[in-house]
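Participant: Here it is: the structure, laid out below.
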Amino acid sequence: EERGERVSISEVITAVKKNQVKQITATENRIIAVTDQKTLIADKAPGTDAFELFKNAGVPLDPTKVKVTQKDETSLNNWISVLGGILPVILMVAFFYFIFRQARGTQESIFSFGQSKAKLFNRDLPKTTFADVAGVDEAKQELTEIVDFLKNPAKYKAMGARTPKGVLMVGPSGTGKCVTGNTIVWTNKGLMEIREIPRYYFVDPLSHVVYGAGLASFDTDKVESQDKFASHWYDLGEQETVKVRLAQGYSLEGTPEHPVVVMTTDGTLKFRKLSDIQEGDQIAIQYGRGMFGNLTLVDEDTGYLMGLLTGDGNMSHASRIGLTNVDDEIVTFFKNYAARHYAMSAVTERGQSYLITSWDFKRYLYEMGMSYLLSFDKVVPSTILQAPKKVQVAFLQGLFDTDAYVEKKRGAFEYTTVSERMARQIQMMLLNLGVIASLNIKGKKENGYYRSVYRIFVSGAGFVAFGKTVGFRLKRKQQLVEIHLKRMTRVNTNIDIIPGIANLVEQSWRVLSKKKLSNEKLSKTIDKVRWRMRVTRETLKEYIAYASSVSIEVPHLEYFRSLLEANLFFSPVVEKSCDLARVYDFTVPKTHSFLGNGFVNHNTLLARATAGEANVSFFSMAGSEFMEMLVGVGASVTGETPILIKQKDKTKLLPIGEFVDQFYVGNKEGIVPVEDVLTLGFQPGKAGFYGYKHGKMQTISESRFKKVSSVFRHKVSQIYEIHYLGGIIKTTADHSVFVRRHGRIMAIATKDIKKGDLLVELPLNIRLPYVPGRRQRHKIVAHEFPEEKPTILLDVWNDDKLLSEQYAFAMAQ
């Protein structure tokens, strides 16, 4: 078999276009391209001529630059010369057999292709049509005749054409609509870059199916937000891209065919390809989506500390952690945090810098995602981006307490950094919290700055939202914010406008005017709308409130209300450029959209639209449209792993395989919904706390039976074994177990476990009272069930006296 890097045919075409390919060998079903650095191998359709393939792609092969060899891998010519005498007879028999077989009914049934073994995508007729597919106009035009053939088979049959058994369409997800890897997407685990999806979700490397990836989605027809699960995730290699930047600094880079939501001049939301976007186009940015993670490795105080260190800290020297600051509140917090958690290491003072030397402390911060804190490579750690809202706010407060300021004369807030990546992360975090923040370059290298300086700026209505949602912990800064908020009782900005709907608002008002239901104030407002041809958010709110109070039906009112409730901010395009970058893509069933960098990005299936136009059933080899709402479903254990199941008020301890197998028939795999089943878990009510508080021992959480929504059975090619004193645990690489590190209990993926880690099977940790001169002592206790009365009875224990005694002994320790 050929040796080389497996790539898509589009990557080979791109390499030829760049004159990087020296030699091409075309076999029956492969293209092998040799460059100076490596060999690329891509699949092609059998029988396709290499010269024709590249010519159709707009990159004709030049024999003077690229040596092309086409291999004939068959030996049919030799056989034909030997069998020349009998071959015509064989062909004649085969021909008549084929004719008689076709006459038995194949022509009569256009739907015979439905008997294939492909998985059914949707039992109902698809509703998606070409109107729902953005871009790819040439492909849609080419498919028009196929659609007509499928819709009107009798017409083509009368002309002598045979009815096809089906149409096979091959292509990447969304037919080329992709975004670059640094695009930040909204997920059910928090914010993350699209290229990081396989790090936090299981993605099947062969089928590209992604399990448990819930995404923020948007339905443009209903003008409403929805949360949907992605069915597939793709890495589609390097491709040509288009990047657009908006007036407020929001930007997105994707392939030319990639569509985003814009507001048209007639006041409707529509998808438009990046290649068709023009300067001045009003693109929709969604704010206040409020999708946060549930990762509790970092508590609020630690989040605040990480924000302080990101702003004014340094971790580039040996085991030392430094904070440089002059505010007593911040210095006191730093000293108290170190005393509570790392009492054996003292904080020393050097001028305005406060230092603590502790490798345990520094290693913990590294494990939580902190870097050396060099100014240009600062980032927001993933433990923060995937944390609950309160932890994210605490981090931002720490960062802003040290590195941001509020103007004294007006309500405006500014934060600067030389790290472009962190600036964009902060902008997205604020957007998720409902704060519209502009991002621009305050100082550029070409203007004499050592590095470009990126500025986050918030004013007007955004400042009001910032003050109420984030604000500062530092009193002197927060007091200034509160003074401004008292003055800003009404904010009517000329930036936050709803474009394109001025005519619709006037049409709506005319119905009120004809019924003599308008008033002088409203009439003057409409005069301004008619003259300026724009509607601010505050004006639209006032009009909706008034129109809703009358007793007649007012046109467009529900649409206006939906626009407001969707939290869409519209910003004009100010810059457009082209580049080359690696791109990624989702398949999102039903809504076919996801939120990335604040933009509403589109993803749909051209094949599904073809079936919708023809009004025939749609089948897909890629999998089902249904995706159960289950996070981390790809992280699994082997069948012999014991679990505690509660069903019909009866608790059983049994192997997970025995329990799961009852829901499947034969060797079937995939997700199966279940009802009325509970399994042993824990309540994360105190998950962020560990230690001794108010004179009482505290546990990390309490045990709780949790609802099982579905089960999942699948085969994997690799299993990890964890060998410990209690035996062996067999899991997939992404399955998490509890371990104790640095006095804390945390969930760690099996692939990240290190030799010597302390495995905690019962995740309840108690830190005992601190005794001066001795190490802090810990105690692991058994599960506690505050809601279970009477005590749980296990069938396997009831008749085992020895086991009962051992359990009683363990509970007493």
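Participant: HN-Hα J couplings of region 16-25 from phi, Karplus 6.51/-1.76/1.60, θ = phi - 60°, integer Hz, Gly and Pro as x?
Facilitator: 5, 4, 8, 6, 8, 9, 9, 8, 10, 10
Participant: Ok, one more. Applying 1/(1 + (r/R0)^6) with R0 = 41 Å to the Cβ-Cβ distance of GLN507 and ASP227, what FRET efficiency is obtained, to the nearest 0.05?
Facilitator: 0.75
Participant: Sticking with this one: Tally Lys/Arg at +1 and Asp/Glu at -1 over every other residue whose Cβ is under 9 Å from the Cβ of SER225; what's the total?
Facilitator: That works out to -3.
Participant: Report the label-to-label distance for TYR405 and GLU240 in nanometres (one decimal), using points 7 Å from each Cα along the Cα→Cβ vector.
Facilitator: Using points 7 Å along Cα→Cβ, the separation is 4.7 nm.
Participant: Just to verify a number: FRET efficiency for ALA339 and MET533, C-beta to C-beta distance, R0 = 45 Å, to 0.05?
Facilitator: 0.15
Participant: Follow-up question, since we're still on this one. Where does the Debye-calculated log10 I(q)/I(0) of region 224-379 sit at q = 0.21 Å⁻¹, using only Cα point scatterers of equal weight, no solvent?
Facilitator: The Debye formula, applied to the Cα set alone, gives -1.32.
Participant: Another question about this same structure. Pull up all non-local amide H partners of THR241: gap of 5 or more, or a different chain, and H-to-H distance under 5 Å with H placed in the peptide plane.
Facilitator: Residues meeting the amide H criterion: ASP579, LEU580, ALA581.
Participant: With 5 Å bins from zero, work out the P(r) of region 300-473 over every alpha carbon pair and list the percent per bin.
Facilitator: 1, 8, 17, 21, 20, 15, 10, 5, 2, 0
Participant: Right, next: Rounded, prolate or oblate, given the Cα gyration tensor of region 5-74, with a/c below 1.5 counting as rounded?
Facilitator: Rounded shape, in that the Cα axes give a/c under 1.5.
Participant: At 0.36 nm per residue, and after removing the present C-alpha to C-alpha distance, how many nm does the segment from ILE483 to ASP62 gain when stretched out fully?
Facilitator: Gain on stretching ILE483 to ASP62: 144.5 nm.
Participant: PHE569's amide H: which non-local residues (gap 5+, or another chain) put their own amide H closer than 5 Å, with H modeled 1.01 Å from N in plane and none for Pro or chain starts?
Facilitator: ILE285, GLN286, TYR287
Participant: Tell me, what ³J(HN,Hα) does each residue in region 296-311 have, in order and in whole Hz, if you take phi through Karplus 6.51 cos²θ - 1.76 cosθ + 1.60 with θ = phi - 60° and put x for Gly and Pro?
Facilitator: The phi angles translate into 10, 5, 10, 8, 4, 5, 5, x, 5, 4, 4, x, 4, 5, 5, x Hz.
Participant: Now for a separate question. Stokes-Einstein diffusion coefficient for region 499-566 at 10 °C in a medium of 1.306 mPa s, Rh from the Kirkwood formula over Cα pairs: what value in µm²/s?
Facilitator: So the translational diffusion coefficient is about 134 µm²/s.
Participant: Need one number: nm distance between label points at ASN440 and ALA733, each 7 Å from Cα along Cα→Cβ, rounded to one decimal.
Facilitator: So the two model labels end up 4.6 nm from each other.
Participant: For region 451-598, max minus min Cα coordinate along each principal axis, in Å, sorted largest first?
Facilitator: 61, 47, 30
Participant: Using a 10 Å cut-off on Cβ atoms, rank the peptides 260-272, 519-531, 453-465 from the highest mean neighbour count down.
Facilitator: Those peptides, ordered most packed to least, come out 453-465, 260-272, 519-531.
Participant: Calculate, for SER710 and ASP276, the FRET efficiency according to 1/(1 + (r/R0)^6) with r their C-beta to C-beta distance and R0 41 Å; round to the nearest 0.05.
Facilitator: Calculated value: 0.50.
Participant: Still on this model: Tabulate in residue order the Karplus-calculated ³J(HN,Hα) for region 358-371, using 6.51 cos²θ - 1.76 cosθ + 1.60 with θ = phi - 60°, rounded to whole Hz; enter x for Gly and Pro.
Facilitator: Working through the residues one at a time gives 7, 5, 4, 5, 5, 5, 4, 5, 4, 5, 7, x, 6, 10 Hz.
Participant: Kirkwood Rh and Cα-based Rg: tell me the resulting Rg over Rh for region 309-393, rounded to two decimals.
Facilitator: With Rg and the Kirkwood Rh in hand, the quotient comes to 0.95.
Participant: Beyond 26 Å between alpha-carbons counts as too far, so tell me which of LYS590/LYS646; LYS652/LYS707; LYS389/LYS755 fall in that bin.
Facilitator: In this structure, LYS590/LYS646; LYS389/LYS755 exceed 26 Å between Cα atoms.
Quick note: the coordinates plus some simple rules give every number you see, no bench work behind them. Keep in mind it's a predicted model, so treat the numbers as computed, not measured. Here Cβ is always computed from backbone atoms with ideal geometry, including for glycine, and neighbour counts include all displayed protein chains.
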